[in-house]
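Take a look at the structure below.
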């Protein structure tokens, strides 16, 4: 498998390492010419969603990436990547890709000092480690299905080919969530 990782900001190198541990190849997407005709999936990492959204437009990546997702390509959005996928941002009219039926609340856990690590049930996989850094959460779902909650808040959801995570699986020792994503093909 060959997975593209949006490499504009965030922990894209850590995602590449996790994919390698899973036996998958990866490549970085920094500009339009980095998008090949064929690949197997896409990761939208954390970072700052407003900046990433602006860069996606400025670099003419927004529409091609949206087309890949709408055509059924598996995509995993972590933290800011989840915000990029959301059809709605709580108390904000901004929409980036808008391909997933979720409403997200940005920086819902507060500033950097509000970052934390926990374990929680993830889909049918049991308890998995979760690291939250200035994390959003999913305020509500329309067409997506919640697959993980922490303290009553939705922190992961799935909709067809899309996986949205409020946390950073690339920063934990486990590769289970990356394997889960790779299994979505």
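Here, each number is a calculation from the coordinates, and none is a lab measurement. Predicted model only: the values in this text are computed from it and were never measured.
Please report how far the C-alpha centroid of segment 133-161 lies from that of segment 1-67, rounded to the nearest whole angstrom. Using only Cα atoms to place each centre, the spacing works out to 21 Å. Each DSSP beta bridge with both residues in segment 80-185 is either parallel or antiparallel, and the antiparallel ones are about 90%. A full extension of the chain between residue 143 and residue 160 corresponds to an added length of 5.2 nm, given 0.36 nm per residue minus the alpha carbon distance.
Helical runs assigned H by DSSP (4 residues or longer) give the chain a calculated mean residue ellipticity at 222 nm of -6000 deg cm²/dmol, each run adding -39500 (n - 2.57) before division by the residue total. Available extension along the chain between residue 107 and residue 28 is 25.8 nm, counting 0.36 nm per residue and deducting the alpha carbon span. Fully extending the segment from residue 179 to residue 63, taken as 0.36 nm per residue of separation minus the present Cα-Cα distance, adds 39.0 nm.
Bridge orientation summary for the chain: considering DSSP beta bridges with both residues in this region, about 55 percent are antiparallel.
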